Amino acid sequence: MKNDNPSLQSGHNLINPIRELIVAARGQVLRAINGSMVETYWNIGRLIVEEEQAGEQRAAYGKQQLQHLAKELTKEFGKGFDVRNLSNMRAFYLTFSNWNAVRTELSWTHYRALIRIENIQARKWYMQETIAQSWSARALERQISVLYYERLLSSQDRASVIEEAKEKASSLNENKHDYLRDPYILDFLNLDGQPFLETDLEQGIINNLQKFLLELGKGFAFVARQERIRTEDQDFYLDLVFYNFKLKCFLLIDLKLGKLNHQDVGQMDTYIRIYDQHRKNSDDNPTIGLILCSQKSEAVVKYSVLTDSKQMFAAKYLDHLPTEQELKQELERERALVQEQLESKYE
């Protein structure tokens, strides 16, 4: 039915210009946060290097200095200033000692990946391509890990290499909401990352999974949610962590809303190794991983254990764990339930 109310028509005409103002303002905020963080971290790196050069030029001195700085800065400013990140700031300055070479349209996460590239020409190329192709930090890390630059130099079929890289980068590029979930942005602003790290759908499914496992009566105890674990190069978040008293081992759960791929399995193996190395007690059994992929059409469930734990998993673990089929059915049920709740909520 046609609406002839002039005031309503005027309101409709206002939507687009207001929308454009909001989108532009948000973009400016993101660029301002990013530029400030990159410049701040570069200057912190500069101050650390200058102090080292003026003082005792010994590795022990530098390490001790970083530990002292990390302790004091964390006490005052919260997360984001531990020894590892301060070391990265130092490396950032040493790698890009000329500020004019720093491009503030790249994020701190981009630079953490770039400073690990020893080949200067390769680093410059990745930096230029990241800007030209608008690669997210995840896309850049993927291109580095598959040796995109080196493959381009040596390949007889450059077009297919380029096409593959574009396809992969497109799937890994982030929107502005993902950018705000970056743990380094959250740390820099001293914000709690929890609300940003889960979509409504993920949060609902994880809530139900947590309740489901605790109600099974098979010895599960809740340990942590969205637990942050760190490697030398990256930070990861574990959706759920349980301890099973009957099995005397940790269970790590990672939820994906897309398809399962070999990278997900490899990532879970990394989680397990970190947990076995830093969290597991000497009398605990090896850690188990559980990957849950909740697709719209089908759920996929896979237990993951390291090679030397497979015999124990088959002989001892299976009696105390829900089967992959049981979890698959539960995951499908939970996704349907949560989607129904969300649809009614936002109608």
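The values are calculated or read from the model by the stated rules, or taken from the named source; none is laboratory data. Quantities reported herein were computed from a predicted structural model and do not represent experimental measurements. When we count neighbours, we look across all protein chains shown, and the Cβ atoms used for this are built from the backbone with ideal geometry, even at glycine.
Does region 54-62 include one or more residues that are out of contact with any Ser or Thr (no Cβ under 6 Å at 6 or more places or on another chain), outside any loop (DSSP other than H, G, I, E, B) and surrounded by 17 or more Cβ atoms within 10 Å (Cβ to Cβ)? Yes: one or more hits. Filtering region 145-161 to residues that are over 20 Å from the mean Cα position of the chain (by Cα) and loosely packed, with under 14 Cβ neighbours inside 10 Å leaves LEU147, GLU150, LEU153, SER154, SER155, GLN156, ASP157, ARG158, ALA159, SER160. Residue count for region 248-293 under the criterion of being farther than 17 Å from TYR237 by Cβ and either in contact with a helix residue (DSSP H, G or I) (Cβ under 6 Å, 6 or more places away or on another chain) or not in a helix (DSSP H, G or I) (or both): the result is 13. Of all residues in region 320-342, those satisfying the criterion of being surrounded by fewer than 19 Cβ atoms within 10 Å (Cβ to Cβ) and aliphatic (A, V, I, L, M) are ALA336, LEU337, LEU342. Residues considered: ALA336, ALA315. Of these, the only one that is at pLDDT below 85, part of a helix (DSSP H, G or I), out of contact with any Pro (no Cβ under 7 Å at 6 or more places or on another chain) and closer than 18 Å to GLU202 by Cβ is ALA336. Answer yes or no as to whether GLY80 is touching a helix residue (DSSP H, G or I) at 6+ places or on another chain (Cβ under 6 Å), farther than 25 Å from TRP125 by Cβ and at pLDDT below 90. Against the criterion (touching a helix residue (DSSP H, G or I) at 6+ places or on another chain (Cβ under 6 Å), farther than 25 Å from TRP125 by Cβ and at pLDDT below 90), GLY80 qualifies.
Within region 95-122, residues that are more than 25 Å from GLY27 (Cβ to Cβ) sit with their Cβ atoms under 6 Å from residues that are not in a helix (DSSP H, G or I), at 6+ positions apart or across chains, in these pairs: THR95/ILE115. Among residues of region 247-267 being within 16 Å of SER294 (Cβ to Cβ) and in contact (Cβ under 8 Å) with a residue 40 or more places away in the chain, the one that is surrounded by the fewest Cβ atoms within 10 Å (Cβ to Cβ) is LYS259. Checking every residue in region 15-27 against the condition of being under 24 Å from the mean Cα position of the chain (by Cα), of a type in the set (S, T, N, Q) and over 20 Å from SER134 (Cα atoms) gives zero matches. Only one of the listed residues (ARG112, ARG142) is crowded, with 19+ Cβ neighbours inside 10 Å, out of contact with any Asp or Glu (no Cβ under 9 Å at 6 or more places or on another chain) and in a helix (DSSP H, G or I). That residue is ARG142.
One residue stands out in region 88-130 among those that are touching a helix residue (DSSP H, G or I) at 6+ places or on another chain (Cβ under 7 Å) and either basic (Lys, Arg) or in the same structural domain as ASP235 (by TED's automatic domain parsing) (or both): the one that is farthest from ILE144 (Cα to Cα), namely ARG90.
Of the residues making up region 307-314, not a single one is under 23 Å from the mean Cα position of the chain (by Cα) and under 23 Å from GLU215 (Cα atoms). Checked against (1) at pLDDT 80 or above; (2) acidic (Asp, Glu); (3) within 28 Å of the chain's Cα centre (by Cα), GLU326 passes all but condition (3).
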